[in-house]
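The values are calculated or read from the model by the stated rules, or taken from the named source; none is laboratory data. Everything quoted here is computed from the prediction, not taken from an experiment. A quick note on method: Cβ atoms are made from the backbone with ideal geometry, for glycine too, and the neighbour counts reach across all protein chains shown. The accessibility values were calculated without ligands, DNA or RNA, using every heavy atom of the protein model including side chains. Shrake-Rupley method; radii C 1.70, N 1.55, O 1.52, S 1.80 Å.
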Amino acid sequence: EAAVTQSPRNKVTVTGGNVTLSCRQTNSHNYMYWYRQDTGHGLRLIHYSYGAGNLQIGDVPDGYKATRTTQEDFFLLLELASPSQTSLYFCASSDLENYAEQFFGPGTRLTVL
Amino acid sequence: AQSVTQPDARVTVSEGASLQLRCKYSYFGTPYLFWYVQYPRQGLQLLLKYYPGDPVVQGVNGFEAEFSKSNSSFHLRKASVHWSDWAVYFCAVSMGPGGNYKPTFGKGTSLVVHP
C-alpha cells in the first residue's frame, strides 16, 4: 500500500484562484517536503517540515504557503494562483535517521489558466 | 551552498549496451549522495545511496555508482541496459547529520533506450 499519497492528482484552476494540495504519509517519518518539477529545472524545494506545527522555507517559496497539521499530513496552499505556478508537484517524506533518503508521492499536476 | 550538475539532459543508448550517467556535485565537506529514477507518470524512487564509506555502491536492477572526492563526481553505471530502464534519472546531494536537511537535486537526465 502506497506510503505517500497526494490529492488531487490533477487540478485546473484560474488565475487568482485558491488551491490546496494535500499530502499524507504513513511511514511515521518526521520530515515532509513539497517540490515542484519543471522541464529544464528539475526538482525544486518549496517548503519542508520536521514535525507537526513546524515549517521551514525551501528554495522557491514565493507564492506558496504550507502547513503541517499532524505528523502524517502536509498541505501546500496557493492563495492567489498564477500561471507561473503551473507545474507538477511532489510531496516526499523521510525519517530522522536517514533524512536525505526520500520517499515520494505520485505527484499532482496543477494547471493555472 | 551545495549544488548538483547533471551535464547531459538526454542520453540515448541501445538495449544491451553499457551506460554511464554523469553527476558532479559541489559541497564543502563530506556529502551524502543519491540517485533516483522517475518512470513515466510516477514519482521518484531511490536507486542507490552513498553514505561515507565504500566509494562504489550497488543499487537495484544492476545499477551501481562510484563516489570520487577528487573529481567531485558520483556517476551512475549499468553494464547492460534494458528497455525498462527508459526513465529520467536524478542525482541528489545532502549534508550529513547536523546539516540543514535540504537535499539538492540535479535537473535530471532523460535516458532513451533503442531496441
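Structure summary
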| quantity | calculated |
| --- | --- |
| Subset of region B:37-51 that is within 8 Å of chain A (Cβ to nearest Cβ) and closer than 11 Å to B:A92 by Cβ - its residue that is farthest from the chain's Cα centre (by Cα) | B:L44 |
| Test: residue in region A:69-89 that is in contact (Cβ under 8 Å) with a residue 12 or more places away in the chain, in contact with a strand residue (DSSP E or B) (Cβ under 9 Å, 6 or more places away or on another chain) and within 17 Å of B:T104 (Cβ to Cβ) | no |
| Criterion violated by B:D54 - all others in (1) in a strand (DSSP E or B); (2) without any contact (Cβ under 8 Å) to a residue 60 or more places away in the chain satisfied | (1) |
| Residue match in region A:65-74 (condition: under 21 Å from A:T26 (Cα atoms), aromatic (F, W, Y) and open to solvent by less than 10 Å² (accessible area, probe 1.4 Å)) | yes |
| Residues within region A:36-48 that are of a type outside the set (D, E, K, R), surrounded by 20 or more Cβ atoms within 10 Å (Cβ to Cβ) and more than 8 Å from every other protein chain (Cβ to nearest Cβ), tallied | 3 |
